[in-house]
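Coordinate-derived values only; no laboratory data. What you see is a predicted model, and the numbers here were worked out from it, not measured in a lab. Virtual Cβ from ideal backbone geometry, glycine too; neighbours counted across all protein chains shown.
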Amino acid sequence: MATMAVATEREVLRKLGEAVAGIGNLPVQKEKAELWRRLNDKEQVRPLVYINEEPWPELECAETKCVCEEPFLKTLEQSLRQTIYRWHHYPLDYVVRPEIVCHKVWDSTGIGLSQRGENIGHGTVTSQHFTPQITGPEDIGKIQTPTVTFDAEETARRLALLEDIFAGILPVRLSGVCGLWFTPWDNLIRLVNIEDIMVDMIDRPEFVDALVSRYVDAKLSELDQMETLGLLDANASNCRVGSGGYGYTNELPKESSAGSLGCEKLWGCGNAQIFSEVSPDMHWEFSLKHELRWLERWGLSYYGCCEPLHLKMAILKKIPNLRKLSVSPWFDIPKGLSLGAGEYVLSVKPNPAIFAEDALDETRARHEIRRLLEQARGCQVEL
């Protein structure tokens, strides 16, 4: 529950808001937004650069350290500080809008199952041991249909609080959910034994097919409820789409005056990362065929993440609204282009392993980026 900000928190947030207002009102913000629009609308522009998932605990300093204690305000402060830090240290092609976003408060009961197992290691990112909860057809019924609820009272409370804090500095915009990460297998592998399920694709294909189908049924019901409750909102702006960059485009609404939109006016996304070494036919049969029931509902789609997709262009072309394609470090760009990858905006991801070495080899990093860009010459590219 959002509570009233104490004087110190209010002062800190207002100063951060003033900094964001100064950055967000720079003319360059509209220029960069237009570049993203042109990229996503498949016009020829320079490669655009976007960094995400920074190791913020390792970047902690006076600029990023929060002082707010109330959880809702602390999350907001963290977001503002990170926005300002990015702009001062690596502005790249980030777009900063002069506004504060207040997200609608909602909840879902989920599918009735959550991962079990101990964390392995220490720190903010750890390995996870998953205890299988679904081992055969008799367990598929454990997947329940979610129930979605909208907390209008708490939403109104947070909106009023932010409008009071940022009065005279930044407008506060109420927003629904601007993007849903849909990847059945990223979630199912937390409930099954991954080695067994790979063998089951051969030995018990009916079981695997029924399992994925039931999961997608549950998530589609959740999506229907979110749509009915008015929880979906425009993401054709500076909202990240899939595992790529911004979603600016003229083909979808950038704003929603009513505060909500149907799926057909939004970006959607999907992937099947653990299917990296699965054949195209099996990828279709046990993942994409089911994902299509989700993907076909959206105006435009982004597909992929860390998996190499260059040999799967034939099945990816079955996604009717596919616009952006993830090009992971294991994606063979020349091979992919020969099979039709150039029809899409390429979300090219240089191998980040170079950061795990004792010293950064900038020469090798530049060489790798130039190699990728040369291979993708003539295509619409985001890095």
Worksheet item: When the Karplus curve 6.51 cos²θ - 1.76 cosθ + 1.60 is applied with θ = phi - 60°, which whole-Hz ³J(HN,Hα) does each residue of region 238-254 get, with x for Gly and Pro?
Response: 8, 9, 5, 10, x, 9, x, x, 6, x, 3, 6, 7, 8, 9, x, 8
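I need the per residue convex hull volume for region 297-383, using only the alpha carbons, in cubic angstrom as a whole number. Please report the intermediate quantities before stating the final value.
Details: hull volume 8.0 nm³, N = 87.
It is 92 Å³ per residue.
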Fill in: Among [x] 64, 49, 44; [y] 63, 40, 40; [z] 119, 59, 48, the entry derived from the coordinates for Cα extents along the principal axes in Å
[x]
Worksheet item: Along region 217-230, what does the Karplus equation 6.51 cos²θ - 1.76 cosθ + 1.60 (θ = phi - 60°) give for ³J(HN,Hα), rounded to whole Hz, x for Gly and Pro?
Response: 4, 4, 6, 5, 5, 4, 5, 4, 5, 5, 5, 5, 7, x
Worksheet item: Taking the radius of gyration and the Kirkwood hydrodynamic radius from Cα positions alone, what is the Rg/Rh ratio for region 202-316, to two decimal places?
Response: 1.01
Worksheet item: In percent, how large is the relative contact order of region 1-138, given Cα pairs closer than 8 Å and 6 or more residues apart?
Response: 29 percent
Discussion item. Please enumerate, by chain and number, the lysines with C-alpha under 16 Å from the C-alpha of Lys74, excluding those fewer than 8 residues away in the same chain.
Written reply: Lys15, Lys65
Discussion item. Out of all DSSP beta bridges in the chain, what portion is antiparallel? Express it as a percent rounded to 5.
Written reply: 25 percent
Worksheet item: Residues with amide H under 5 Å of His103's amide H, sequence separation 5 or more or different chain, H placed in the peptide plane at 1.01 Å from N; which?
Response: Ser175
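Taking a 19 Å limit on the Cα-Cα distance, which of the listed pairs Lys312/Lys335; Lys324/Lys349; Lys219/Lys324; Lys289/Lys318; Lys219/Lys289 fall beyond it?
On the way: Lys312/Lys335 11 Å; Lys324/Lys349 13 Å; Lys219/Lys324 23 Å; Lys289/Lys318 9 Å; Lys219/Lys289 15 Å.
Listed pairs above 19 Å: Lys219/Lys324.
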Worksheet item: Which of these, Gly244, Gly141, Gly110, has the largest mean-square fluctuation under a Gaussian network model of the chain (Cα springs below 10 Å)?
Response: Gly141
Item to complete: Report, largest value first, the span of the C-alpha coordinates of region 24-173 along each principal axis, in whole Å.
Response: 59, 42, 36
Fill in: ³J(HN,Hα) computed for each position of region 270-275 - Karplus, 6.51 cos²θ - 1.76 cosθ + 1.60, integer Hz, glycine/proline x
x, 6, 9, 4, 6, 8
Worksheet entry | the chain, dipole about Cα centre (Lys/Arg Cβ +1, Asp/Glu Cβ -1), debye to the nearest 20 | 1200 debye
